[in-house]
1. Can you list the residues in the stretch A:96-137 whose accessible area drops by at least 40 Å² when all protein chains are present, compared with the chain alone? Use a 1.4 Å probe, heavy atoms only.
2. Per the Kirkwood treatment, what hydrodynamic radius in Å, one decimal, follows for the stretch C:1-100 from the mean inverse distance over all distinct Cα pairs?
3. What whole-number distance in Å separates the alpha-carbon centres of the stretch B:145-220 and the stretch C:59-131?
4. From the convex hull of the Cα coordinates of the stretch B:162-208, what is the mean projected area in square nanometres?
5. Rounded, prolate or oblate: which fits the stretch B:163-279 when a ≥ b ≥ c are the square roots of the eigenvalues of the alpha-carbon gyration tensor, with rounded for a/c under 1.5 and prolate only if a/b beats b/c?
6. Magnitude of the Cβ-charge dipole of the stretch B:157-248, K/R +1 and D/E -1, about the Cα centre, nearest 20 debye?
7. Picking from C:220, C:200, C:231, whose Cα lies most toward the positive end of the charge dipole for the stretch C:132-248 (charges on Cβ: Lys, Arg +1; Asp, Glu -1)?
8. Could you estimate the translational diffusion coefficient of the stretch C:142-248 from the Stokes-Einstein equation, with Rh from the Kirkwood formula over C-alpha pairs, at 10 °C and 1.306 mPa s, in whole µm²/s?
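The values are calculated or read from the model by the stated rules, or taken from the named source; none is laboratory data. Worth saying up front: this structure is predicted, and the values here are computed from it rather than measured. As a convention, Cβ positions derive from the backbone with ideal geometry for all residues, glycine included, and neighbour counts pool all protein chains shown. Quick note on the areas: whole protein, heavy atoms, side chains included, nothing else; ligands and nucleic acids left out. Shrake-Rupley method; radii C 1.70, N 1.55, O 1.52, S 1.80 Å.
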Amino acid sequence: MHMADALVAPAVAGTMYVCSAAAMTYSIKKVHLEVDTKKIPVMGVMGAFVFAAQMINFTIPGTGSSGHLCGGMMLSAILGPFAGFLTMIGVLLVQCLLFADGGLLALGANIWNMAFYGCFIGGMVIWRMIMKNGMSKKKIMAASVLGCILTLQLGAFSVTLETLASGITELPFAVFAGTMQPIHLAIGLVEGLITSAVLCFIYDARPELLWMYQKKERGKLSYKGTVGALACAALAVGGLLSLAASSNPDGLEWSMEKVSGTTELSASGTIHQAAQKIQELTAFLPDYSFKGSEGAVGTSVSGIVGAVIVAALCIVICICIRNIRKKKVK
Amino acid sequence: MYCNLYLYKEHKEEESEVAVGKIREAIYGIHHMDETASKDRWMQNLHPLAKLLTAFVYIFVVVSFDKYDLPGLAVMGLYLFVLFFFGKFSLFRAVRQMKVILAVSAAVGIANPFLDHSVWMEAGGFVITGGMISMITLMLKGIYAVLESYLLIVSTSIEEICYALQCLKIPKTFITVILLIYRYMIVLLKEAERIMLAYEMRAPGQKGVHWKAWGSLAGQLLLRSIDRAQIVYESMMLRGYDGTFRLIRKKENTAQSLVYGIGWILIFLLYRCFCEYLR
Amino acid sequence: MQTIEISHLSFAYGDEPVLSDVCFQAEGEETIGIIGANGVGKSTLLKIIVGILPEYQGSLKICGMEAERKNLAQIREKTGYVFQDSESQLFMSNVYEDVAFAPRNYGYPEEEVRRRTERALDMVHIKDLQEKQIYRLSGGQKKLASIATILSTNPEIILLDEPSVALDPKNRRNLIRILKELPGMKIIASHDLDMVWDTCSRTILMSDGRIIADGNTKELLTKQDLLEAHGLELPMFVAGQQSMQQKK
């Protein structure tokens, strides 16, 4: 799911960098690595483990193909979401700077699509909620599968949105989402099963290594959890909508027709376009990326994108306010 | 008997050494990068921050071109030729090493010609549509970005990149994590290779790990990794570790790096603006 | 003043006793071999000396300092511990950086760091490997590099945990030669009795977490009954000599 540089427009890449950097700064504050120095080598070696584990092919029974381990979910189940997130960033950074896997410019987007959802939605929301009242193998299984499916759906959906928002492909939203989501549903299921197999093994051998094993934090869902759950719900609804849209053949045909009959290009090559491009650099959604923006699909796309932006902004603002408050208390 | 074994092994290599081969390839890739990055040449000796920022701005400018601006984009390729030529890197080697990523980046726009039929040019009965042009620009963007990333990583070691990140005020604790990931990645890759080899030798003809062994195979590796982390921590503690690694750069050529970085970045930005106002 | 003074030291991992009532003293530039079968507590003893395992009973003094939290940093600068697994000990990416790690952390100026690093590399004769990536070293080179990493702080006591494990005969001989050249006190935990015979003047035999015998290497390692009673065998060299004598 690594996005290449060519898939993102500068504005989108920048926005995703800002989002990921905010989440990273917050995580660094939360882990207290300066105090908990012991965590650093564990993070480093676990990051290396994710690399190695991704090289192992796990055969999927009944098919000829094979699956891989889901890094984000795995790391947060062992290190907790914040340290897991930072480790995952490290992994993505090394992949980008050693194997050119995932672009330099797209790194922000890749961190968001893979590490953020995996660690915060999969780890902080799902794993934590399921493990709140004690741990068992069934719960580990449920959390891993659910977590992987959901995080991959969110990740795939974000890839679709980011690509479309960048105006890269001529593919209409419904087609793109309609291919991305079901594929990643299958991948998520397999990755979830592999991850749960590994975590169950750890649970048998050394359960104290798992996050939330001893700490049984009872009581209401925390403030962060609530924000996370809300964002998660919003995105899940978006994802479901996209699935519904893709399964509707009329919508699909309609958008295809719309796209093929487009005449928007006549304005290109003029000064008008140059001015427009400057505008695009500042606006999040360049106009030309949604050919059917006046139609129903386009509207819903814009709606979902809007919801995501608002949700992301809310999270960022909440984090800022919280940090300012904390500093005042200190 | 020996003959049989030999034949059997041949057969097996075809069938199943997928994972092992993949791991070995990854390790060779890292070896090659390391070797090239540690050579004593002008490109390698530049300050890593200059190279990182130049690469970043280059990719930024490349992807910012309009999807139909083929001529504008084509000129950006000159930079890559200049660096490959004067930096003495092999373009052939780069393409071979990056073949999968290049193919994926190039394939992104493959659907465009079928979706965008706006006519751009007619030459002797042959129609060039907007979709074709946008497909080519998209491919070029992908290829440029991958090649530029390649140039960055073969000329700069991870330690140097980390030094650049330190200059960018990325927290040192996080940089330490990256360095440890890099160091133990190879150790664990080799360990995974041994595990997979041991597995494949006893499970001939299987393409991957059977589901019954999913948990224990990767789980064992994980437990061993965590034990290793404990020893690494102890070893660090015994040598006065306080949470961060101290990165020190030995090469000194600030002036050259400044000229390189600022020069290229100015050229990119000026060209981009020039392109914009020409039309 | 004794360099190491251990009296009535006991240690347990959870409920499992590992060391019980260990007493010994050492001074000067002795080289001491700690021998015993697998799992008798040799490594644990070394780890307690360098302060990795603080939850022990009894008393432990290193260079006249009580092994307490406040002295820990000083004790660690005076001791150097070479782990059995070099791969885990060498965590930086190249040899020079790894050897320079400790002096940098102790706050020496870069000039002094370089001097110490180069001297340490020289002492184990791997100066030509300093720019090499760790993962490209051979097993023997890794072992020497991990010894160099602790030499850069000029330790008074060097502790080695199974240094000859996984080395080929030539590398092993090379290691023995280098160990003999190193200054300071050396404590070698090993079940490679031939190496102990070659390098150590004094030997301590451990079994079940206790010290069974403590004395001159040449005397101790020729007592076949004693060694065999505690899961060890005569060093090859000694066994060979004895069989020669029997033939005569």
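1. The answer is A:97, A:98, A:99, A:100, A:104, A:105.
2. Result for the stretch C:1-100 stands at 15.0 Å.
3. 27
4. Values: hull surface 16.9 nm².
Orientation-averaged projected area of the Cα hull: 4.2 nm².
5. On the way: a/c = 3.64, a/b = 1.67, b/c = 2.18.
Since a/c reaches 1.5 but b/c is at least a/b, the shape of the stretch B:163-279 is classed as oblate.
6. Magnitude of the dipole: close to 140 debye.
7. Comparing the listed Cα positions along the dipole, C:200 ranks first.
8. Numbers: Rh = 15.1 Å.
Translational diffusion coefficient: 105 µm²/s.
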